[in-house]
Amino acid sequence: MKIAVVGKGGSGKTTTSAVLARTFARHGHETLALDCDTNPNLGISLGLGEEATERLVTVRDAVDAGEEDHAVSPDDLVERFGAPAPDGVRLAVVSAIQNPEPGCP
Amino acid sequence: MRVAFVGKGGAGKSSLAGTFARLLARTGQRVLALDSDPMPGLAFSLGVGVTDAGLPDDAVEEYEERGRRRYRLRAGLTGPEAVDRYAVRGPDGVHFLQLGKARGPRWNNSRQHFGFQGVLDDLPGDGWSIVGDLPGGTRQPFMTWGRYARTFLVVVEPSTASVLSGRRLARLAEGSRRPRVLAVANKVREPDDGELIAAGTGLEVVGAVPMDRALADADRLGLPVVDAEPDAPAVAAVRSLVNALREREVSS
Ligand SMILES: Nc1ncnc2c1ncn2[C@@H]1O[C@H](COP(=O)(O)OP(=O)(O)OP(=O)(O)O)[C@@H](O)[C@H]1O
Ligand SMILES: [Mg+2]
C-alpha cells in the first residue's frame, strides 16, 4: 500500500501522515514514512524530536555526495539514509533546501 | 515600504498579508499586493474577487538563448506598465498582481513564471509600497520570489514545526543578500508565545497577532477579515504591525 497525503498549507498533511504511519506500524505493517517537503517537519510529528529531525541527512544530499554508488537499490538507499522513528517506522527525507540559490523556484 | 510575508505552510501569511495591504493602503500609501503562490490565498484576504489574475500570455514573449527557450516581458513592456495594465484594482485602492494559478497537472507555467519575475525585477518605485505573499516553506523565498523585498516578515505560529521553519528561513536569509528579517507571531494564545518564537527563531518579533476566530469565520465565508469583522483583535494587531513598520521606515 502506498499513500500520498496532499493539501493546502496548514491543513494537516504532516500530522495526518505521521498518525497514519505510526498506526500502520502498530498494526504490524512495515512502514516507510517519506517526507517530500523541502521544509521537512515529518520527524517532529512522528515523535523524533526537533534536534534529531534537523540532523537527518536527506536522500538527495546523500545522492549528491555520490553515496548512492554504495547503495544497490532504493530499498538499500532507505536502509542507509532512513532514520528509525517510534513504533518501528522508518523515516526518509527526500530533500531539504539548505542554501539560498537563485534560479530554481 | 517593500515587505514580503514568508513562513511555514498555513502559518497565516496570506491572511496577514492581505489585511496588512488593506490597512497600509488606508494610511494613504499606494499599495501593490503581489501573490507568488500558485495556490490561491491572498485574493480572499484582500477581497479582490478574482483568484486567477496573472499576466496574459501575450504580455510575455519567448526567445532563444544558446539554443534554450526562454521568456521575458514583451518588448517595450516595462514592469510599471505591466502593473498599470494587468494588476486588478481591489478595495482601498490596492493593486493586485499574481503569478498565474496552477491550471491542471500538465500546466507548463514557464511563461507566467518568468513574465512575473520580469515584473518583480522592475517594480514601480516612487510612491509605491509593495506587499508580497510568498509560497509556504523554504523554497527560495529570498532570491526568487521575494527578491524585491527590503523587509521579510516571517510568520511563525507557537509550534515546534513553525518555529523550526522560522529558524531555517532566518538561516537561509543570512546566506543571501542579508535583508532585514523580522518575525511576526501569529495564532498567539499564551502570554509568552512571543518570547518562545524569538528564542526559537533567533529573530526579533515585531508583531503578535492573537488566535482569533474572526479570521476563521471570515475565511469560511471567503471574505477579508477587515470587511467581515473590522474590529476583530487580529485586525487591530495587524494595524499595530503596519504602524511599527512605518515607524521603522521613517527612522531608517
Ligand atoms: N490569527 C489567526 N487566528 C486564527 N486563525 C488564523 C489566524 N491566522 C490565520 N488563521 C487561519 O489559518 C489558516 C491558514 O491561513 P493562511 O491561508 O493565511 O496561511 P498561509 O500561510 O497563507 O498558508 P499557505 O502556506 O497554504 O499559503 C486559515 O484557515 C486562517 O483562517
Ligand atoms: Mg497563502
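Straight-line reach from B:LYS13: which aspartates and glutamates have Cα under 13 Å away, leaving out those fewer than 8 places along the same chain?
B:ASP35, B:ASP37, B:ASP133, B:GLU157
List every residue whose amide H lies under 5 Å from the amide H of B:VAL60, counting only residues 5 or more places away in sequence or on a different chain, with H placed 1.01 Å from N in the peptide plane.
Result for B:VAL60 returns B:ARG74.
Rounded to the nearest 5, what is the percent of antiparallel bridges among the DSSP beta bridges in chain B?
Percent antiparallel among DSSP bridges in chain B is about 25.
Could you order peptides B:88-100, A:6-18, B:14-26 by the average number of other Cβ atoms within 10 Å of their residues, highest first?
Top to bottom by mean Cβ count within 10 Å: B:14-26, B:88-100, A:6-18.
What FRET efficiency do you get for A:VAL57 and B:THR78 if R0 is 41 Å and r is their Cβ-Cβ distance, rounded to the nearest 0.05? Mind showing how you got there, number by number?
Working: r = 46 Å, r/R0 = 1.12.
The formula returns an efficiency of 0.35 here.
Averaged across the residues of A:38-46, what count of C-beta atoms belonging to other chains lies within 10 Å of each residue's C-beta?
Mean inter-chain Cβ contacts per residue within 10 Å come to 5.
Placing unit charges on C-beta atoms (Lys and Arg positive, Asp and Glu negative, everything else neutral), compute the dipole magnitude of the protein assembly as shown about its Cα centre in debye, rounded to 20.
The dipole of the protein assembly as shown has a size of about 580 debye.
Using Cα centres only, tell me the gap between region B:86-136 and region B:1-57 in whole Å.
9 Å
Name the residue, out of B:ASP126, B:ASP217, B:ASP192, whose mean-square fluctuation peaks in a Gaussian network model built on chain B with Cα pairs under 10 Å.
Sorting by GNM fluctuation, first place goes to B:ASP126.
To the nearest whole number, what is the average tally of beta carbon atoms from other chains within 10 Å of the beta carbons of peptide B:159-167?
The mean count of partner-chain Cβ atoms within 10 Å per residue comes to 4.
What is the antiparallel percent of DSSP beta bridges lying wholly in the protein assembly as shown, to the nearest 5?
25 percent
Laboratory data are not the source of any read-out in this text; all were calculated from the coordinates shown. All values reported here derive from a predicted model rather than from experimental measurement. Cβ coordinates were reconstructed from backbone atoms using ideal geometry, including for glycine residues, and neighbour counts include every protein chain displayed.
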